[in-house]
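S.K.: I'd like to ask some things about the structure below.
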Amino acid sequence: MQEVIGLFPTPFMRATRVLGGDLVAGLIDHFSRSVTQANSSSPNLVHTALLRPGDSPLLVEAAELLNPLLPEYGALLFGERLGWSLKEMWVNVLDTGGRQAMHNHANSFISGVVYLTRTHADARTVFMRSPGGTDFAFKNDHAGITTGPYNADKWISPLPEPGDVVLFPSYLMHAVPINPGERRISLAFNAIPTHLDSWGYRVSFSG
Ligand SMILES: [Fe+2]
């Protein structure tokens, strides 16, 4: 008998049709008119300012639909159904030719994306193994290799439909390749638990 055990996997949650069509249309209409922040990695990518759920009834409605996912996903990260809150939300408008550089989200534990428009297959969110390290690296990387979960550097997430949501640990590096399709609009968010407790060493968080 032989077996291979995938050690310490990273949870990635995908929930389809979390936001309904009317809410998605309302968010697109309202927030695509409030994008004010340029992105340093691409002239074709703009964001809204960081928003709180209370900033708009549309965000309150979105938060009510997203909130149930947080303790469920958070239990995978921390082994307990903690209280969670959406800390900030923002809308990204990625026009044709735009891209989002590789990044992760600081001062947060769960991050997520709600896809509002259709996404071109080439502009799906890509997740990367952490590129860290300051030493020389060795690789076996050429046309003849088979790529799998143990040697891949990146993973291209499934093609989302409008209203679909993904959740991932905030430390996970991610990016959006050049968008050859139409304007791609997404709502991103960060969430924090009420607290973490390591045998009495306890930290509390507030957004
Ligand atoms: Fe991000």
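S.K.: At most 12 other Cβ atoms within 10 Å and a DSSP loop assignment: could you name the GluC sites (Glu not before Pro) in the stretch 41-136 that fit?
M.R.: Sites meeting the loop and neighbour criteria: GLU80.
S.K.: Now for a separate question. Order by neighbour count: THR147, THR117, fewest other Cβ atoms within 10 Å first, most last.
M.R.: Ascending number of Cβ neighbours within 10 Å: THR147, THR117.
S.K.: Now for a different question. Step through the residues of the stretch 56-71 one at a time and calculate ³J(HN,Hα) from phi using the Karplus curve (6.51 cos²θ - 1.76 cosθ + 1.60, θ = phi - 60°), rounding each to whole Hz and writing x for Gly and Pro.
M.R.: Residue by residue, the stretch 56-71 yields 7, x, 5, 6, 4, 5, 5, 4, 4, 7, 7, 3, x, 6, 5, x Hz.
S.K.: How would you classify the stretch 29-105 from its alpha-carbon gyration tensor, with a ≥ b ≥ c the square roots of the eigenvalues: rounded for a/c under 1.5, else prolate if a/b is greater than b/c, otherwise oblate?
M.R.: Because a/c hits 1.5 or more and a/b fails to exceed b/c, the stretch 29-105 counts as oblate.
S.K.: Let me ask something additional. Along each of the three principal axes of the Cα atoms of the stretch 137-190, give the extent in whole Å, ordering the values from largest to smallest.
M.R.: Cα spread of the stretch 137-190 along its principal axes, largest to smallest: 38, 27, 18 Å.
S.K.: For the chain, build the charge dipole from Cβ charges (+1 Lys, Arg; -1 Asp, Glu) around the Cα centre, then report which of THR119, TRP84, TRP199 sits farthest towards its positive end.
M.R.: THR119
S.K.: Tell me what the chain gives for mean residue ellipticity at 222 nm when only DSSP H runs of n ≥ 4 count, each as -39,500 (n - 2.57), the sum divided by the residue total, rounded to 500 deg cm²/dmol.
M.R.: -4500 deg cm²/dmol
S.K.: Going out from 0 in 10 Å bins, what whole percent of all Cα-Cα distances in the stretch 114-207 drops into each bin?
M.R.: Percent of pairs per bin, in order: 12, 31, 28, 22, 6, 0.
S.K.: For the stretch 92-124 and the stretch 145-162, write down the distance between their C-alpha centroids in whole Å.
M.R.: Cα centres, the stretch 92-124 to the stretch 145-162: 16 Å.
S.K.: Based on the alpha carbons, how large is the Rg to Rh ratio for the stretch 1-68 when Rh follows Kirkwood?
M.R.: Result for the stretch 1-68 is an Rg/Rh of 1.19.
S.K.: Same structure, new question: Would you please report the Å³ per residue occupied by the convex hull of the alpha carbon atoms in the stretch 97-149?
M.R.: Once divided by residue count, the hull of the stretch 97-149 is 189 Å³.
S.K.: Next question, about the same structure. Cα atoms only, the chain: Rg and Dmax in Å?
M.R.: 18.2, 60
Bear in mind that the values in this text are calculations on the coordinates, not laboratory data. These numbers were taken from a predicted model, which means no experiment stands behind them. With ideal geometry, Cβ positions are generated from the backbone for all residues, glycine too; neighbour counts draw on all protein chains shown.
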